[in-house]
Amino acid sequence: MKTLPEKYQDLERWAFADNEAQANALAQKVVDGTKTATCAALDDEGVPQVGDQFVIVDGRNQPVCAVELTATDLVPFDQVPESHAKAENEGDGTLAGWRQQQQAFFEEYEMFSPQMTLVLMNFRVIETF
């Protein structure tokens, strides 16, 4: 088991999938530097800010790395640019593939609307564990 440094103990943890294999693969992409973005539905918790830090976990909720937000933006789902889909680096890497995958995810939680506001977040790895 990896030990999470004390300075990251109170940070929110992010897993990028709801199954172990995919969460492991996406966490590895973060460490490799090929996944540098994510998104979330805008909610009542507010918008993360540039400089906020998070711990990325694998499919067993084990810490893999810490990241720091480098950019955030509020964008309607149907206006997310291809550059963001490429930075998320999930699925086939295309905007169409990204939209299909994200729509299915948000529909599962009965949240989807083509005009729903998403929080687009770019990040950089600040430490691996």
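Before moving on, here are some points about what is shown:
- Single residue of Lys35, Lys29, Lys86 found to be surrounded by 14 or more Cβ atoms within 10 Å (Cβ to Cβ) and under 25 Å from Asp10 (Cβ atoms): Lys35
- Members of the range 1-55 that are under 17 Å from Leu120 (Cβ atoms) and free of Cβ contacts under 8 Å to residues at least 60 places away in the same chain: Trp14, Lys35, Asp43, Glu45, Gly46, Gln49, Val50, Gly51, Asp52
- Subset of the range 7-26 [open to solvent by 90 Å² or more (accessible area, probe 1.4 Å) and modelled with pLDDT under 95]: Asp18
- Any chance Leu74 is open to solvent by less than 60 Å² (accessible area, probe 1.4 Å) and either farther than 22 Å from Ala15 by Cβ or within 13 Å of the chain's Cα centre (by Cα) (or both): no
- Restricted to the range 54-69, and to residues there that are under 13 Å from the mean Cα position of the chain (by Cα) and open to solvent by 30 Å² or more (accessible area, probe 1.4 Å), the residue that is farthest from Trp14 (Cα to Cα) is Glu68.
- Lone qualifier among Phe112, Phe106 - being among the aromatic types (Phe, Trp, Tyr), open to solvent by 20 Å² or more (accessible area, probe 1.4 Å) and over 13 Å from the mean Cα position of the chain (by Cα): Phe112
- Those residues of the range 78-93 which are at pLDDT 95 or above and more than 15 Å from the chain's Cα centre (by Cα), in sequence order: Asp78, Gln79, Pro81, Glu82
The values are calculated or read from the model by the stated rules, or taken from the named source; none is laboratory data. Predicted, not measured: the structure shown is a model, and the values here were computed from it. Using ideal geometry, Cβ is built from the backbone for each residue, glycine included, and neighbour counts are taken over all protein chains shown. Areas reflect the complete protein model, heavy atoms only, side chains present, ligands, DNA and RNA absent. Shrake-Rupley method; radii C 1.70, N 1.55, O 1.52, S 1.80 Å.
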